[in-house]
1. Could you grab the relative contact order for the chain? Cα pairs under 8 Å, six or more apart, rounded to a whole percent.
2. Cut-off is 10 Å between beta-carbons; in what order do 89, 2 appear when sorted fewest neighbours first?
3. Could you derive backbone 3J(HN,Hα) for the stretch 23-40 from the dihedral phi with the Karplus parameters 6.51, -1.76 and 1.60 (θ = phi - 60°), listing whole Hz in sequence and x where the residue is Gly or Pro?
4. What is the order of 111, 37, fewest Cβ neighbours within 10 Å to most?
5. With each pseudo-label sitting 7 Å past Cα toward Cβ, what's the residue 10-residue 34 distance in nm, one decimal?
6. Taking θ = phi - 60°, what integer Hz values does the Karplus form 6.51 cos²θ - 1.76 cosθ + 1.60 yield along the stretch 72-88, in sequence order, with x for Gly and Pro?
7. Considering only DSSP states other than H, G, I, E and B, which chymotrypsin sites (Phe, Trp or Tyr not before Pro) in the stretch 1-41 qualify as loop sites with at most 13 other Cβ atoms within 10 Å?
8. If we count other beta carbons within 10 Å of each Cβ, what is the order of 21, 65, 31, fewest first?
Amino acid sequence: MCFILLISVLFEAIFITIPLTLVLLINFLVTDKKSWVFPAAFFSGIIIDILSLRYLGSTSLFFVTFLFVIHLYERKFETSNIFFAFFACFVGSLLYLTIFGIRQVLVQSLVAAVVGSLIFYLIMRLPKKESLDYKYRSGK
């Protein structure tokens with residue numbers, strides 16, 4: 001997962017303006033529900049800021065704050081479905097692109113939401129590590 005995140009950071013900082021890293025972080029938070037996503041968001045944002053020549057820490061602050069808000073609402077909403085992933089990716093991308101002054105905000109946010117939904121679908125289709133580990137230990 002860290003390798004995929006690093007590739008998305010480099011790809012976003014060099015080639016595209018769609019917040020692909022934010023989309024991946026949202027999907028990792030929604031599917032894994034682990035706290036490793038917050039340090040990954042912080043360091044990913046720092047790398048994006050360095051490569052994009054932005055104020056250092058601005059992207060990290062946005063990533064961590066937005067992911068924290070999603071984490072707060074995990075108990076109130078069902079976050080493990082594709083509709084929430086689409087909505088969170090759309091809103092997160094819309095805010096990110098607006099704050100950092102990138103053009104064609106609605107189109108890019110819609111593309112990011114569709115990509116985020118596809119990534120969510122692919123992550124949910126992958127077998128879970130715990131189930132594979134149990135299957136190999138039990139000899140099935």
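Values in this text are rule-based calculations from the coordinates and carry no lab data. In this text the structure is predicted, and so the values were computed from the model without any measurement. Note that we place each Cβ from the backbone using ideal geometry, even for glycine, and neighbour counts take in every protein chain shown.
1. Values: 137 pairs, mean separation 36.4, N = 140.
For the chain, the relative contact order is 26 percent.
2. Values: 89 28, 2 10.
With the fewest neighbours first, 89, 2 line up as 2, 89.
3. 4, 5, 5, 4, 5, 5, 5, 6, 7, 8, 6, 10, 7, 5, 5, 5, x, 5
4. On the way: 111 18, 37 25.
With the fewest neighbours first, 111, 37 line up as 111, 37.
5. 2.2 nm
6. After applying 6.51 cos²θ - 1.76 cosθ + 1.60, I find 5, 8, 5, 7, 8, 10, 7, 8, 8, 9, 5, 5, 5, 4, 4, 5, 5 Hz.
7. Working: sites: 3, 11, 15, 28, 36; in loops: 15, 36.
Here the sparse-neighbourhood loop sites are 15, 36.
8. Working: 21 26, 65 12, 31 17.
Ranking 21, 65, 31 by Cβ neighbours within 10 Å, fewest first, gives 65, 31, 21.
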